[in-house]
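Peer 1: Let me begin by handing over the structure; questions about it come next.
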Amino acid sequence: MSLWSRISNAVFGERLNREIDEELQSHIEEAIASGRDPEEAYRAFGCALRTREASHSIRVVGWLESLLSDISFGWRQLCRNKVTSASAVLSLALGIGSCVAAFRLIDALLWRPLPISGSSRLYFLSRKLTGLEGKPIDDGYWATPDFNLMRNAAKDQADLIAISDADRTDITWSTDDDMEKAHVVYASGNMFSLFGLEPALGRLLAPADERAPYAVLSWDYWNQRFGRDRRVLGRSFHIGEQTFEIIGVGPRDFTGTEKGTVTDIFLPLSMNRLATRDSVTWHHAFLMLKPGINPATALEPLRQHLSSLSRAFELECSTCLRGMTPATIERYLNKTLVFNPAGAGISELQNDYRRSLGILGLLAALVLLIACVNVSNMMTARAAARAQEMALRVSIGAGRRRLVQLILCESALLAFFASVLGAFFATWSAPFVLSLINPPDNPARLALSADWRVLLFALGLILLVVLLLGLLPALRASAVRPVAALKGGEDPHSPRRLMRVAIALQVAFCCLVLFLSSLFVASFQRLQNRPLGFSTDRLLLLETVAGKGQLPIVWNQTAEALRAVPGIDSVAISRWPLLGRIRINSEISVNGAPPSPTPAWVLPVSPGWLSTMKISIVSGRDFRPEDTSPGAAIVNETFIKTFFPGQDPIGHTFELGADEPINTIVGVTPDVPYSDLREPNRPVFYVPIVEIHGKSAPSVVDFATFIIHTDAQNPLALADSLRQIIAQRHNGLRVSNITTELDLVRNQTIRERLIAMLASFFAVVALLLAGMGLYAVLNYSVLQRRREIGIRMAIGSTRTDIVRIVTLDVFLMIALGGCAGVALGLGAARYVESLFYQVKATDADMIASPTCAILLTALVATLPAVLRALRTDPTEILRAQ
């Protein structure tokens, strides 16, 4: 008989039994028809049941049949307890789905290799140095001349590739009306060939194209912007005064090396105006070892050689060290070159969310553990209730392996149904979490494909869940002693002890989730409620560019035109907005002394900017129209404390480095956040937007932001009309981006808001699961001890005594688990303390909050069991004896 027939017989066992019975009956009928006595014929064939079983075992795959039989029995067991089974499946589904969703996000952002050849040989070059505040930082940007020197020096062992960030850039296709935003990357011409990429259309950039005005579109941009129109080849577009011709479309899977951002357009490196400047670091450098080069022996000598070459370049650079103090020069040159594996790409999103996603994965895993402990408790109770059944199975010949298989099959069914629901939850939740990471105008984009990596993780997770759920009940069932079990059991308290230990574990995990959640929620609340010192109400920001630049008078005339629009209260100009992406600092020299090691941050603004932003003046005055830079300056209070402690600053002067023009302080403002809400107050000074050096004409301004205070509650309602007013003036100004100051503030808290929201969700789920587990254990304990409780009440025990008997052991386990959870939380908090804002893990309220939540949940969960115990009728118990 073929293997397939035996498998089919194992699946359709009832049909096989009927066939065997019919075959036996036909043989008996043939014997009777041949003249044999019917009784003799039946005796000759022996016991029909034994004959059928022997024939059945030959025609089936034994292990498969027993497995299918146990699965069928497990299904009937789940159907007998529909409510309990449904709650178990839902809690497990939430845990499994959360873990799979977290894995999809972490894998897509941090682990999944780029779709290029030789990704394991790709390294990212960065330099470790001491930052302005004495903290170590990584600098991953390089000057193009420095990069070219290193590329030539390493060409025998490796190839160097230059790739810039994917910056949102204004491009125009024909006229100013066609201006739009696109993520543009400048890359060296060898990038596509070294990555082993093939074009979807046309051709890709080559080393010979590094100085040619050519462009390659990404497949994603070609698909969304042009609908895969093949006539896109040869079309031109403009970036500022430059014109680029499209020569090809990149492969479908390659979206750049910056995880979280999909590149739209690739341009040659040398076409960027910064490519010729020695002192400007603006692009990344990647190193790809040549095939056959051993990284273990080649990387360290290559690193040392490139490090010394780069240091020599910076020492010889005439503009790199200009104006620096000796201490700053020493800090600047004291760098350590580092090669970091870059097979999975690099991006700011990875740096910002690496620990956040780790915390997300930890919380999801803890919720899954709580759910597993919860369901394992339920199965332990079932196994204890079925002890006599298991003893009977052993007595009639069932092997211990078969008992283990029986319990594990029930666990596998729970895990299977939970994984199906969890798959739907993971499919929805991973993109939802990703949508919360970045603002709508520049959302993070990741390839969240459900490939073999996700499938293997899910299968491994399901196997782990099956073992966590069923291993302990299965081992207990297989160790049953038939004689003792059939007599009532040797140790009736053993299941309760195991369940109480499980409760301690459950409470410890729950307390850890609550502890971390309270830290993240408090951090978000304190960051969100940080005093700003300026108003975000009804402030519209028009980020505007001016091609080759326009004189300040043109910008002021445009501001006057905007002030005349109905619904506009005031208009001011700043080079960039507070809490924006741009930040510029300068060394400060006071009274001709050497520059201070502490830098100050600068923001050029127009007169009236302080009043538009609702920033008060502590002393002095605002800028006047005749003020210029260098000349007048307004400083914040931290600037005064740093450079003029204990002095009246009005009238004092300072220079931006040694031998630089003098600035006179004309006003003092309160401290306001400059570029990051998380940072402490920094020295900040404001200068007039009109910049004049010597007796020359004012410098042109190539970009600035109009700060507009409106009457409307929704300032974006005026955005389109204001954009049109600026365009209709035909003075070279074009609105590049529109946002509000409130959106900039909210964008500062995206990471904290995301973690706080997810942590709160997991905290609620953990509390719910812990409460369900406490209720199940206490309810089981009361049912098992019902006879004991009745006898105690009959001999005079008070209600207080009964409550103590029912709850004492459980609350001891809760206290033990809570202490363990807080200890684990304190340890975990040290790992993620950089994610907290003005929150200490040892704060009393951080420990009190989860403790109170656990106690409240315990009281609610124990109340039904206590009431059940108090309603026990002693008379009924004694009558039953």
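Peer 1: Given (1) surrounded by 18 or more Cβ atoms within 10 Å (Cβ to Cβ); (2) in contact with a Phe, Trp or Tyr (Cβ under 6 Å, 6 or more places away or on another chain), where does LEU201 come up short, assuming only one miss?
Peer 2: For LEU201, the failing item is (2).
Peer 1: Turning to a different aspect of this structure: When the residues of segment 79-121 are narrowed to those that are in contact with a Phe, Trp or Tyr (Cβ under 6 Å, 6 or more places away or on another chain) and over 18 Å from ALA371 (Cα atoms), which ends up surrounded by the fewest Cβ atoms within 10 Å (Cβ to Cβ)? Spell out the reasoning first.
Peer 2: The first filter runs over segment 79-121 and keeps only residues in contact with a Phe, Trp or Tyr (Cβ under 6 Å, 6 or more places away or on another chain), leaving 89, 97, 103, 115-116.
Remaining after also requiring over 18 Å from ALA371 (Cα atoms): 103, 115-116.
Values: PHE103: 21, PRO115: 15, ILE116: 20.
Here the residue is PRO115.
Peer 1: Need the failing condition index for PHE432 against (1) assigned to a helix (DSSP H, G or I); (2) under 30 Å from ASP264 (Cβ atoms); (3) modelled with pLDDT of 85 or more, just the number.
Peer 2: (3)
Peer 1: While we're here: If PHE124 meets every condition in (1) in a loop (DSSP other than H, G, I, E, B); (2) more than 30 Å from TRP428 (Cβ to Cβ); (3) hydrophobic (A, V, I, L, M, F, W, C); (4) within 26 Å of the chain's Cα centre (by Cα) apart from one, which number is that one?
Peer 2: Status for PHE124: all satisfied but (1).
Peer 1: Moving on to the next point. Given the condition open to solvent by 60 Å² or more (accessible area, probe 1.4 Å), at positive phi and touching a Ser or Thr at 6+ places or on another chain (Cβ under 6 Å), answer yes or no: does some residue in segment 659-672 qualify?
Peer 2: Initially, segment 659-672 is screened for residues open to solvent by 60 Å² or more (accessible area, probe 1.4 Å), giving 659-662.
This time we only want the ones that are at positive phi, so: 659.
Then keep just the ones that are touching a Ser or Thr at 6+ places or on another chain (Cβ under 6 Å); that gives none.
No, because not a single residue in segment 659-672 is open to solvent by 60 Å² or more (accessible area, probe 1.4 Å), at positive phi and touching a Ser or Thr at 6+ places or on another chain (Cβ under 6 Å).
Peer 1: Working only within segment 139-158, note down all residues that are within 24 Å of the chain's Cα centre (by Cα) and over 20 Å from ILE329 (Cβ atoms).
Peer 2: Hit for segment 139-158 is GLY140, nothing else.
Peer 1: From the list PRO145, PRO136, which one is open to solvent by 10 Å² or more (accessible area, probe 1.4 Å) and in contact with a helix residue (DSSP H, G or I) (Cβ under 9 Å, 6 or more places away or on another chain)? Steps first, answer last, please.
Peer 2: Details: PRO136 fails: in contact with a helix residue (DSSP H, G or I) (Cβ under 9 Å, 6 or more places away or on another chain).
Among PRO145, PRO136, only PRO145 is open to solvent by 10 Å² or more (accessible area, probe 1.4 Å) and in contact with a helix residue (DSSP H, G or I) (Cβ under 9 Å, 6 or more places away or on another chain).
Per-residue answers, yes or no, for (1) within 41 Å of the chain's Cα centre (by Cα); (2) in contact (Cβ under 8 Å) with a residue 60 or more places away in the chain:
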{"residue": "ILE568", "(1), (2)": "yes, yes"}
{"residue": "ILE634", "(1), (2)": "yes, no"}
{"residue": "GLY646", "(1), (2)": "no, no"}
{"residue": "GLU655", "(1), (2)": "no, yes"}
{"residue": "ASN663", "(1), (2)": "no, no"}
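Peer 1: Here's something else I'd like to know. Being buried (at least 18 other Cβ atoms within 10 Å of the Cβ), part of a loop (DSSP other than H, G, I, E, B) and over 34 Å from the mean Cα position of the chain (by Cα) is the filter here; which residues of segment 570-594 pass it?
Peer 2: GLU587, ILE588
Peer 1: Give the residues of segment 445-460 that are within 14 Å of GLY97 (Cβ to Cβ) and part of a helix (DSSP H, G or I), sorted by residue number.
Peer 2: VAL454, PHE457, ALA458
Peer 1: Let me ask something else about it. Would you pick out the residues in segment 828-881 that are modelled with pLDDT under 75, over 30 Å from PRO136 (Cβ atoms) and among the basic types (Lys, Arg)?
Peer 2: Answer for segment 828-881, where residues must be modelled with pLDDT under 75, over 30 Å from PRO136 (Cβ atoms) and among the basic types (Lys, Arg): just ARG879.
Peer 1: To continue, here is another question. Of these, ARG723, ARG753, which one is in a helix (DSSP H, G or I), under 22 Å from ILE239 (Cβ atoms) and open to solvent by 40 Å² or more (accessible area, probe 1.4 Å)? Quick ask: steps written out before the conclusion?
Peer 2: Values: ARG753 fails: under 22 Å from ILE239 (Cβ atoms).
Just one listed residue meets the conditions, ARG723.
Peer 1: Would you pick out the residues in segment 706-720 that are under 21 Å from GLY608 (Cβ atoms) and part of a loop (DSSP other than H, G, I, E, B)?
Peer 2: ASP711, ALA712
Peer 1: Same structure, new question: Give me the residue from segment 728-741 that is of a type outside the set (Lys, Arg) and out of contact with any strand residue (DSSP E or B) (no Cβ under 7 Å at 6 or more places or on another chain) and, out of that set, modelled with the highest pLDDT. Even if it seems obvious, please write down each step before you answer.
Peer 2: Here is the first cut: in segment 728-741, the ones of a type outside the set (Lys, Arg) are 728, 730-733, 735-741.
The next check asks that each one be out of contact with any strand residue (DSSP E or B) (no Cβ under 7 Å at 6 or more places or on another chain); those that pass are 728, 730.
On the way: GLN728: 87, HIS730: 81.
Residue satisfying both the conditions and the ranking: GLN728.
Peer 1: While we're on this one: Mind checking which residues of segment 223-247 are touching a Gly at 6+ places or on another chain (Cβ under 8 Å) and at positive phi? If you could, list the steps in order and put the result at the bottom.
Peer 2: Restricting attention to segment 223-247, the residues satisfying the condition of being touching a Gly at 6+ places or on another chain (Cβ under 8 Å) are 233, 240-241, 245-247.
Passing the criteria: only GLY240.
Peer 1: Exactly one of (1) open to solvent by 40 Å² or more (accessible area, probe 1.4 Å); (2) more than 30 Å from GLY97 (Cα to Cα); (3) in contact with a Pro (Cβ under 8 Å, 6 or more places away or on another chain) is unmet by ASN747. Its number?
Peer 2: Of (1) open to solvent by 40 Å² or more (accessible area, probe 1.4 Å); (2) more than 30 Å from GLY97 (Cα to Cα); (3) in contact with a Pro (Cβ under 8 Å, 6 or more places away or on another chain), only one is false for ASN747: (2).
Peer 1: Ok, one more. Within segment 595-611, track down each residue that is within 37 Å of the chain's Cα centre (by Cα) and not in a strand (DSSP E or B).
Peer 2: Result: PRO597, THR598, PRO599.
Peer 1: Of everything in segment 148-189, what is closer than 23 Å to SER117 by Cβ and open to solvent by 20 Å² or more (accessible area, probe 1.4 Å)? Give them in sequence order. Step through it out loud before you land on a result.
Peer 2: Going through segment 148-189, the residues closer than 23 Å to SER117 by Cβ turn out to be 150-151, 154-164, 166, 185-189.
Scanning segment 148-189 gives ARG151, LYS155, ASP156, GLN157, ASP159, TYR186.
Here's the yes/no breakdown for (1) farther than 17 Å from CYS852 by Cα; (2) of a type in the set (D, E, K, R); (3) open to solvent by less than 40 Å² (accessible area, probe 1.4 Å):
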position	(1), (2), (3)
LEU758	yes, no, yes
PHE761	yes, no, no
MET772	yes, no, no
TYR775	yes, no, no
ILE814	no, no, yes
VAL822	no, no, yes
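Residue by residue, here is whether (1) buried (at least 20 other Cβ atoms within 10 Å of the Cβ); (2) modelled with pLDDT under 60; (3) polar (S, T, N, Q) holds:
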position: LEU436; (1), (2), (3): no, no, no
position: ASN442; (1), (2), (3): no, no, yes
position: GLY460; (1), (2), (3): no, no, no
position: VAL466; (1), (2), (3): yes, no, no
position: LEU475; (1), (2), (3): no, no, no
position: GLY488; (1), (2), (3): no, yes, no
position: SER494; (1), (2), (3): no, yes, yes
position: VAL501; (1), (2), (3): no, no, no
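Peer 1: While we're here: Checking the conditions here, which among VAL605, VAL635, VAL565 is within 19 Å of THR739 (Cβ to Cβ) and at pLDDT 95 or above?
Peer 2: Numbers: VAL635 fails: within 19 Å of THR739 (Cβ to Cβ); VAL565 fails: at pLDDT 95 or above.
Only one candidate qualifies: VAL605.
Peer 1: In this structure, is ARG530 among the basic types (Lys, Arg), assigned to a helix (DSSP H, G or I) and surrounded by 15 or more Cβ atoms within 10 Å (Cβ to Cβ)? Full working, then the answer.
Peer 2: Working: among the basic types (Lys, Arg): yes; assigned to a helix (DSSP H, G or I): no; surrounded by 15 or more Cβ atoms within 10 Å (Cβ to Cβ): yes.
Judged against the criteria, ARG530 is not a match.
Peer 1: While we're looking at this one, here's another question. Every residue in segment 777-812 that is open to solvent by 50 Å² or more (accessible area, probe 1.4 Å), under 23 Å from CYS511 (Cα atoms) and over 40 Å from the mean Cα position of the chain (by Cα), please.
Peer 2: Passing the criteria: only LEU808.
The values are calculated or read from the model by the stated rules, or taken from the named source; none is laboratory data. What you see is a predicted model, and the numbers here were worked out from it, not measured in a lab. Cβ coordinates were reconstructed from backbone atoms using ideal geometry, including for glycine residues, and neighbour counts include every protein chain displayed. Please note that ligands, DNA and RNA were not included when accessible areas were found on the heavy atoms of the full protein model with its side chains. Shrake-Rupley method; radii C 1.70, N 1.55, O 1.52, S 1.80 Å.
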